[in-house]
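**Student:** Quick one: the structure is below, and I'll ask about it shortly.
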Amino acid sequence: MSPEDARPLRADAQINHDRLLDAAALAFAKDGAEASLKAIAQDAGVGIGTLYRRFPTRDRLVEATYRNEVARICAAAPDLLKASPAVEALRVWMDQFIDFLATKRGMAEALRAVLVADGELRMRTRDLLTDALAALLKAGAAENAIRQDVEPDDVLMGLGGVALIAGEPAQRDQARRLLDLLVDGLKYREPAG
C-alpha cells in the first residue's frame, strides 16, 4: 500500500488528489510520461507543492494515474449496463477502453518500469479488466444478444489488438470501425435450419 492510500483524505485534499489524477491522465496521453509536472499541477488548479506532497516522484504519479484509470474503466461497466442494453453498454465500454489504452500508451515507458517492479499490479489490473468485461458479456448473453461461448480474455486481447493497430488519435475512426466489427462478431445469432 502506498502512503497516499494509507489514510483517508480530507474532502478538499481528495478533490485536489482527483484533479491531479485527471490532469495527469490527460497530460500523459498527450505528452507521454515526461509531461510537465508543473503543467499538470497548473491544469489541476493546485500548486506544484501539492503535487509533490501527494506524489513525491514521477513514478508514483504514473502508478497512481494508472490505478485510477483502471478503476474508472472497471467501474463504468455496471453503470453502462444500468443505462443501456448490454450490447450498447459493451460497445461504449470498448470505446472507453481504447481511450484508457491511449492514456496508458502515453505513459508506457514509465509504466513499464512500474509494472515490471510490481507484477502483482499487472496481474490485478488484468483481472479487474477481465471481470468488468465478463460482466458485460454475461449480461449480453442473458439478453440473448451476445454469444455464450465468448471468453472475456479473448475479447480483451482483441481490444488490445485494435489499440495496437489503431490506437492513435488520428486513427480513431478506424478504431471505431474495428470495434463495430468485433461487437458484430460477438452477437448471438439463431442457429440456421
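No value in this document is a laboratory result; all are computed from the given coordinates. Computed from a prediction, not measured in an experiment: that's the story for all the values here. Because the Cβ atoms are built from the backbone with ideal geometry, glycine has one as well, and the counts that use them run over all protein chains shown.
**Student:** At a threshold of 8 angstrom on Cα-Cα distance, excluding pairs fewer than six apart, so keeping six or more, what relative contact order does the chain reach in percent?
**Tutor:** 21
**Student:** Can you work out ³J(HN,Hα) from phi for every residue in the range 53-60, in order, using Karplus 6.51 cos²θ - 1.76 cosθ + 1.60 and θ = phi - 60°, giving whole Hz and x for Gly and Pro?
**Tutor:** Each residue of the range 53-60 in turn: 5, 7, 9, x, 10, 4, 4, 5 Hz.
**Student:** Further question on the same structure: Mind listing the long-range amide H neighbours of I146? Cut-off is under 5 Å, sequence gap 5 or more, other chains count too, H placed in the peptide plane at 1.01 Å from N.
**Tutor:** Close amide H contacts, sequence-distant or interchain: A141, Y188.
**Student:** When the helices in the chain are scored as -39500 (n - 2.57) per DSSP H run of 4 or longer and the sum is shared across all residues, what 222 nm value do you end up with, to the nearest 500 deg cm²/dmol?
**Tutor:** Result for the chain: -25500 deg cm²/dmol, rounded to the nearest 500.
**Student:** Dipole size in debye (nearest 20) for the chain around its Cα centre, Lys and Arg Cβ +1, Asp and Glu Cβ -1?
**Tutor:** Computed about the Cα centre, the dipole is about 420 debye.
**Student:** Take the alpha carbon gyration tensor of the range 1-92, find the square roots of its eigenvalues, order them as a ≥ b ≥ c, and report rounded if a/c is under 1.5; if not, report prolate when a/b exceeds b/c, else oblate.
**Tutor:** Prolate, because a/c is 1.5 or more and a/b exceeds b/c.
**Student:** Could you derive backbone 3J(HN,Hα) for the range 150-156 from the dihedral phi with the Karplus parameters 6.51, -1.76 and 1.60 (θ = phi - 60°), listing whole Hz in sequence and x where the residue is Gly or Pro?
**Tutor:** Each residue of the range 150-156 in turn: 7, 9, x, 4, 5, 5, 4 Hz.
**Student:** May I have the pair-distance distribution P(r) for the chain, computed from all Cα-Cα distances with 5 Å bins from 0 and rounded to whole percent?
**Tutor:** Using 5 Å bins, I get a P(r) of 1, 7, 15, 18, 18, 15, 11, 8, 4, 2, 1, 0, 0, 0 for the chain.
**Student:** Quick one: angle between helix 86-106 and the longest Cα principal axis of the chain, in degrees between 0 and 90, rounded to 10, please.
**Tutor:** Taking the Cα atoms of the chain, the angle to 86-106 is about 40 degrees.
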